[in-house]
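Report on one structure; see the data block that follows.
The values are calculated or read from the model by the stated rules, or taken from the named source; none is laboratory data. Worth saying up front: this structure is predicted, and the values here are computed from it rather than measured. Positions of Cβ are backbone-derived with ideal geometry, glycine not excepted, and every protein chain shown enters the neighbour counts.
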Amino acid sequence: MNNKIKLAVAGAVLSAASVANAGIIIPAGDWTIDINGNVNAFATWTDADKTKGGTAPVGGLASVRDAGGDDTAVGINTGLLPSWLGFTGTTRQNDVDVSFTISFQPNASDNAGAGDAKTPLNRQAFVTFGDKSWGSVKLGKDLGIFASQAILNDMTLLGVGAVAGGIRSGNSTTLGGIGTGYIYPAWKGQISYTTPNMNGFQATIGITNPNQGVFGDASSAASAATSDTELNQDRFGIEGQVMYSWTGDVSGKVWASAASYDVTAQTTNGSAAVTTAAIDDYTADAYDVGVNLNTGNLGLVAYYYNGDGAGTTIFGSSGVDVNTAGKFKTRDSDGGYLQATYVIPTGTKLGAAYGVSRLDEASGESAPTLLDKNERWTVGAYHPLTKHLNLVAEYNRIKSEAQSSAYETEADQISLGAILFF
């Protein structure tokens, strides 16, 4: 099975909720082709509390009531892990292990009138080559290095977690714990090197594409609509990770990763009242540490991250105050999550988690509606109905608070569904 799917299933979240160890294996001359993936869908019910102060925190993830004041919504949506169809080919030539992976992610979520408007995702296209004696090299698009273990150890990877983008269906995927415990590692073009496994120790270092996006100042709805910063193309991003794994009565792994990007803050306020532009450079940095411990039927995960200019939810988002002329000021951010799971005699894995992502104002900044923190409480049940099929039930409560305690939103979400791996 595709390496990332293996990690997502076996190495990270619900090892007791059994899935196949490999996909559909087809010998093809010098190659072995592995066709693998999953299909998942969840019914979701959301109840949004009344927004305190009448204004939702800018950058908040808790669902809010719609324009008509409706506080409930339902939908059928793909979970945090999109439905997946992957093709991996492996061979050994000239004493080198060579592999390619290409994958597609169709959506189970669409609220268009005809039900066919959603564009599929294309998250992987990479090649690897190497040998267990000296390591491996990866070239192409795959999950980012920094914060990858955070999402791969999140139990909601096989479920839903926070529902992204409001209370109705139609999202490509949900958020899981993204923005409520860790920054999204995203899918990035990269060239990376991973060391051989040295008695449980392994390290990865790589250069990554500085994915561009509109990273609104987000101190207010107005500034978010009229201002943006973009990742600079002058330097590749640098990401790395070290990890140590062990087995025994108490098995587990510890890891740390980091990322650094040069950013050009090219900001334009195009409102009718003000037409100004400013350009400045800064560096967005972040690091994290985590541990996953397993003994008997009990599993524990603890994770923490810290960033300067890295923002929240998406790397770089809201990471800088761009409302001042001249030099822009970076914002500090941090967060993490705690998670406990236990397998009961039926084989069902029960889990509970708390996660938080915090964002500070820049020095001298006053932004009362800017996000202060997104919090998530999750309880879930993950039952292996068959070797390949898992039934999932989750409850999530999301709370978003602004820098001023006068503004906050809360929402409750229940999801029921299933995920099938092959």
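Just checking, how many residues over region 315-350 are among the charged types (D, E, K, R), assigned to a strand (DSSP E or B) and within 25 Å of residue 261 (Cα to Cα)? Break it down stepwise before answering.
Within region 315-350, the first condition is being among the charged types (D, E, K, R), and the residues that meet it are 321, 327, 329, 331-332, 334, 349.
If we keep only those that are assigned to a strand (DSSP E or B) as well, we get 321, 329, 332, 334, 349.
Remaining after also requiring within 25 Å of residue 261 (Cα to Cα): 321, 329, 332, 334.
Matching residues across region 315-350 total 4.
Whether any residue in region 286-301 is among the acidic types (Asp, Glu), without any contact (Cβ under 8 Å) to a residue 40 or more places away in the chain and assigned to a strand (DSSP E or B) is what I want to check. Full working, then the answer.
In the first step, residues of region 286-301 are kept if they are among the acidic types (Asp, Glu); the result is 288.
Narrowing further to those that are without any contact (Cβ under 8 Å) to a residue 40 or more places away in the chain: none.
No, because not a single residue in region 286-301 is among the acidic types (Asp, Glu), without any contact (Cβ under 8 Å) to a residue 40 or more places away in the chain and assigned to a strand (DSSP E or B).
Out of 189, 159, 140, which single residue is out of contact with any Lys or Arg (no Cβ under 9 Å at 6 or more places or on another chain) and surrounded by fewer than 19 Cβ atoms within 10 Å (Cβ to Cβ)?
When all the criteria are applied, what remains is 140.
Please pick out the residue among 95, 154 that is more than 30 Å from residue 351 (Cβ to Cβ) and out of contact with any Lys or Arg (no Cβ under 7 Å at 6 or more places or on another chain).
On the way: 154 fails: more than 30 Å from residue 351 (Cβ to Cβ).
Step by step, each of 95, 154 is checked, and only 95 is more than 30 Å from residue 351 (Cβ to Cβ) and out of contact with any Lys or Arg (no Cβ under 7 Å at 6 or more places or on another chain).
Taking region 399-422 only, how many residues are among the aliphatic types (A, V, I, L, M), surrounded by 18 or more Cβ atoms within 10 Å (Cβ to Cβ) and either over 13 Å from residue 51 (Cα atoms) or out of contact with any Gly (no Cβ under 9 Å at 6 or more places or on another chain) (or both)?
Total meeting the criteria: 2.
Yes/no per residue for (1) modelled with pLDDT of 70 or more; (2) within 17 Å of residue 317 (Cβ to Cβ); (3) of a type outside the set (D, E, K, R):
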{"site": "170", "(1), (2), (3)": "no, no, yes"}
{"site": "178", "(1), (2), (3)": "yes, yes, yes"}
{"site": "183", "(1), (2), (3)": "yes, yes, yes"}
{"site": "193", "(1), (2), (3)": "yes, no, yes"}
{"site": "202", "(1), (2), (3)": "yes, no, yes"}
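So, residue 75, is that one out of contact with any strand residue (DSSP E or B) (no Cβ under 6 Å at 6 or more places or on another chain) and touching a residue at least 40 places away in the same chain (Cβ under 8 Å) or not?
It is false that residue 75 is out of contact with any strand residue (DSSP E or B) (no Cβ under 6 Å at 6 or more places or on another chain) and touching a residue at least 40 places away in the same chain (Cβ under 8 Å).
Please state which one of 263, 254, 274 is in a strand (DSSP E or B), at pLDDT below 95 and either more than 29 Å from residue 60 (Cβ to Cβ) or more than 18 Å from the chain's Cα centre (by Cα) (or both).
Selected residue: 263, the only one of 263, 254, 274 that is in a strand (DSSP E or B), at pLDDT below 95 and either more than 29 Å from residue 60 (Cβ to Cβ) or more than 18 Å from the chain's Cα centre (by Cα) (or both).
Taking residue 353 as the residue in question, decide whether it is at pLDDT below 95, surrounded by 17 or more Cβ atoms within 10 Å (Cβ to Cβ), within 22 Å of the chain's Cα centre (by Cα) and in a strand (DSSP E or B).
So residue 353 does not fit the description; no.
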